[in-house]
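Derivation of every value follows stated rules applied to the coordinates shown; laboratory data play no part. Please read these numbers as outputs of a predicted model, since none were measured by experiment. A quick note on method: Cβ atoms are made from the backbone with ideal geometry, for glycine too, and the neighbour counts reach across all protein chains shown.
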Amino acid sequence: MRIILLGAPGSGKGTQGDLVTRKYGFPRISTGDLLRAAVQAKSPIGMKAKAVMDSGELVKDDIVNALVKERISEEDCRRGYVLDGFPRTILQGEALESLDRDRPEIAVDIRVDEDEVVARLSSRRICGGCGSVFNLREDPDAATCEKCGGELIQRSDDRVEVIRERLRVYKEQTEPLIDYYKERDCYFAVDGARVVEAVFADVAAFIEKKMDFFGQEKRIG
Ligand code: AMP
């Protein structure tokens with residue numbers, strides 16, 4: 001099964017994706033993480049992507065499509081996978097379909113209103129050591145990572161002006177995917193403004209309903 005997490009930046013796709021991985025064993029594939037790794041490694045893709053990411057715009061479809069193609073061909077994706085931040089355009093959705101045809105697909109849209117997204121992202125901090133995510137709203141004094149002691153840093157695209165641009169781009173280029181997946185009868189919207197566990201309860205119920213429908217085993221591994 002392929003689980004696509006739709007939802008604006010900051011809606012909780014990473015958190016819900018990790019919970020899906022833990023419960024069902026499908027690896028979470030985040031194109032944002034793949035691109036940030038390329039930027040850090042100073043690879044040719046990373047060099048091209050950095051300025052685009054820092055401005056809140058989308059990296060070119062052919063670059064992200066190639067990253068996803070390579071990643072989903074790995075062995076751990078055989079039973080299925082969760083996509084976080086991909087597809088972000090109709091063209092990417094179509095590319096995905098042709099890269100991995102006939103795999104049952106569902107799209108879970110995590111809905112959170114814009115003011116909440118801005119508040120969440122502008123107070124988000126990432127550990128420079130292990131990548132753990134913290135939020136200054138929950139932990140105003142956090143300065144170092146409680147897991148590894150690493151320094152907490154703000155993603156360069158989590159500044160308010162870039163967040164607004166990312167939201168604009170989401171509306172313009174990614175929201176059309178809602179109708180795209182509705183037409184394919186695999187779309188589910190969930191209220192993402194609630195506590196993580198409540199959101200996940202709805203997400204898991206939908207996944208299991210679809211697993212039953214497609215005859216997919218729920219076991220991990
Ligand atoms: P994210 O971590 O998902 O918020 O992604 C961070 C940034 O990486 C985005 O603002 C885009 O610049 C870029 N990016 C991530 N995924 C995609 C994608 N599927 N298509 C184009 N650009 C992407």
Number of Lys pairs in the range 118-220 closer than 22 Å at Cα, excluding neighbours under 8 places apart unless interchain, is 5
In the range 18-82, lysine pairs 8 or more places apart or on different chains with C-alpha atoms under 26 Å apart total 9
Share (percent) of C-alpha pair distances in the range 1-69 greater than 18 Å works out to 44 percent
Residue 161 and residue 201 label points (each 7 Å along its Cα→Cβ direction) are spaced in nm at 4.3 nm
So the compactness index of the range 151-221, its C-alpha Rg divided by 2.2 N^0.38 Å, takes the value 1.52
Each label sits 7 Å from Cα toward the beta-carbon; between residue 122 and residue 47 the label points are separated, in nm, by 3.6 nm
Binned at 5 Å starting from 0, the alpha-carbon pair-distance distribution of the range 79-126 in whole percents comes out as 5, 14, 20, 20, 14, 11, 11, 4, 0
Within the set 106, 29, 63, GNM on the chain using Cα springs under 10 Å gives the largest fluctuation to 63
Long-range amide H partners of residue 83, meaning residues 5 or more apart or on another chain whose placed amide H is closer than 5 Å, are 3, 4, 5, 29
Highest mean packing first, using Cβ neighbours within 10 angstrom, the peptides 139-145, 199-205 sort as 199-205, 139-145
Computed on Cα atoms only, the convex hull of the range 17-118 has an orientation-averaged projected area in nm² of 7.5 nm²
Given GluC sites (Glu not before Pro), DSSP loops and at most 12 other Cβ atoms within 10 Å, the longest exposed-site-free stretch of the chain is 1-73
Here P(r) for the chain, Cα-Cα distances in 10 Å bins, as whole percents, is 8, 33, 39, 18, 2
The FRET efficiency for residue 132 and residue 171, from their Cβ-Cβ distance with R0 = 25 Å and rounded to 0.05, is 0.25
